[in-house]
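The values are calculated or read from the model by the stated rules, or taken from the named source; none is laboratory data. From a predicted model like this one, the values you see are computed outputs, not experimental measurements. All Cβ positions, glycine included, derive from the backbone under ideal geometry; neighbour counts span all protein chains shown. Heads up: the accessible areas ignore ligands, DNA and RNA and are worked out on the full protein's heavy atoms, side chains in. Shrake-Rupley method; radii C 1.70, N 1.55, O 1.52, S 1.80 Å.
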Amino acid sequence: MTSTDAPAAIAPAPPVLAEVVRSGFTEGHHRGSLVLLAADGSVERTLGDPDAPVFPRSSNKPMQAAAILQAGLELSGERLALAAASHSGEPFHLELVAKMLAEHGLSAADLQTPPDLPLDPVAAEAYLAAGNVRERITMNCSGKHAAMLAVCVRNGWDTATYLDPAHPLQLLVGQVVAEAAGEPVAAVGTDGCGAPLMAIGLTGLARAFRSFVLAEPGSAERRVADAMRAHPEYVAGTRRPDTWLMTEVPGTLSKMGAEAVQAVALADGRALAFKIDDGSVRALGPVLARALELLGVDAPVVSRIGRAPLLGGAAEVGEIRAKF
């Protein structure tokens, strides 16, 4: 470095969204960014940099499902909810995925999801106790992949390359994501399930969820939102916060994503999105509960979602709690 070179600016650390308190001692922090939208779509509050692109991971699934509908596949009810799901791998999830495949002349062998165990720990224990092993259909994204394969069959598209970013379906997904978010896709990567993954800002993600709940009845976006809200147990599972929230706060659309991403839209257009930088899902509940409180949601489920106790032995000795 010469004498005229200025040192590179160091970006400020993201703000603390949650703290880890054990035995009265703060032993850690979870940082990230968050945005809250008012009912009219205006930005009500931000923390960190919610306009910086992130990979929303499975929070993009409603947009992927809408693209599948736009491509011509007729899905409704539980099947459409499962197409937008990160399912828990409970028996009713796996049974419906298998049916969706069979209805289009497909089988689990056509899935290109990585073999996995059920996402839900209780379901995983029962699955292993029954002598089962990791399978492609058990992976939490298998409902989405089944729907992607089905629309390829419907349109005569190649099923072997359905995860290629240049595939007609994936090009349409990118268009739907950009339109819903109101901003261009900043980058394309590969999700944990192998599908193309489109990066947008958290503000764009919140706008997308808001647009789905406010979309015209009968539109692809509204059909996805309505199916998810009518059948939340197929979007997540019987022991998951997304299910609890959509069940107990009518009209709410909620979808988490890996690496601690969450997006929610309320029936009147209020919306939120956040990402915890270190990807720790243990902080997701407390941050989500606090964000819902700031949006004015007053329901018992908020406290249930926000509870994140820390154990010392078998005793509760602390908690992870929101810090904003």
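In this rough spin-label picture, where each label sits 7 Å from Cα along the Cβ direction, the Glu103-Ala166 distance is 3.3 nm. Judged by the ratio a/c of the largest to the smallest principal axis of the C-alpha gyration tensor, segment 23-153 counts as oblate, that ratio being 1.5 or greater while a/b is no larger than b/c.
If you fit an axis through the alpha-carbon atoms of helix 168-181 and take the longest principal axis of the Cα set of the chain, what angle between them do you get, 0 to 90°, nearest 10? The angle comes out at about 40 degrees.
Heavy-atom surface analysis with a 1.4 Å probe gives segment 184-324 a carbon and sulfur content of 52 percent of its accessible area.
Distant-in-sequence amide contacts of Val317, defined by a placed amide H-H separation under 5 Å and a gap of 5 or more residues or a different chain, comprise Leu310, Leu311, Gly312. In a fully extended conformation the segment linking Phe92 and Glu74 would gain 4.4 nm over its present Cα-Cα distance, using 0.36 nm per residue. Database remark: amide H of His29 closer than 5 angstrom to the amide H of Val20 (H placed geometrically; neighbours at sequence offset of 5 or more, or on other chains; Pro and chain starts carry no H).
Total lysine pairs in the chain at Cα distances under 25 Å, for residues eight or more apart or on different chains: 11. Here the accessible area is traced with a 1.4 Å probe on the protein chains. For segment 91-160, carbon and sulfur cover 55 percent of it. Average accessible surface for segment 87-135: 52 Å² per residue, computed with a 1.4 Å probe over protein heavy atoms with every protein chain in place. Of the solvent-accessible surface of segment 1-88, computed with a 1.4 Å probe over protein heavy atoms with every protein chain present, carbon and sulfur atoms account for 53 percent. Rounded to the nearest whole Hz, the Karplus-based 3J(HN,Hα) values (6.51 cos²θ - 1.76 cosθ + 1.60, θ = phi - 60°) of segment 44-58 follow the sequence 8, 7, 9, 9, x, 10, x, 8, 5, x, 9, 8, x, 6, 6, with x at glycine and proline. Applying the Karplus relation 6.51 cos²θ - 1.76 cosθ + 1.60 with θ = phi - 60° to segment 248-254 yields 3J(HN,Hα) values of 9, 10, x, x, 7, 10, 9 Hz, where x marks Gly and Pro. Counting only DSSP H runs of at least 4 residues, each contributing -39500 (n - 2.57), and dividing by the residue count of the chain, the helix-based mean residue ellipticity at 222 nm comes to -11000 deg cm²/dmol.
Which of [x] 18; [y] 31; [z] 14 is the computed percent of Cα pairs over 36 Å apart for the structure on display? Checking each listed value against the structure points to [x].
Simple point charges give the picture: +1 on the Cβ of Lys and Arg, -1 on the Cβ of Asp and Glu, and for the chain a dipole about the Cα centre of about 300 debye. Length gained on full extension, Ala126 to Ala13: 36.5 nm, using 0.36 nm per residue less the C-alpha separation. Taking label positions 7 Å along the Cα-Cβ direction at both Val133 and Thr238, the computed distance is 2.8 nm, reported to one decimal. Relative to the longest principal axis of the Cα atoms of the chain, the long axis of helix 142-155 lies at roughly 40 degrees.
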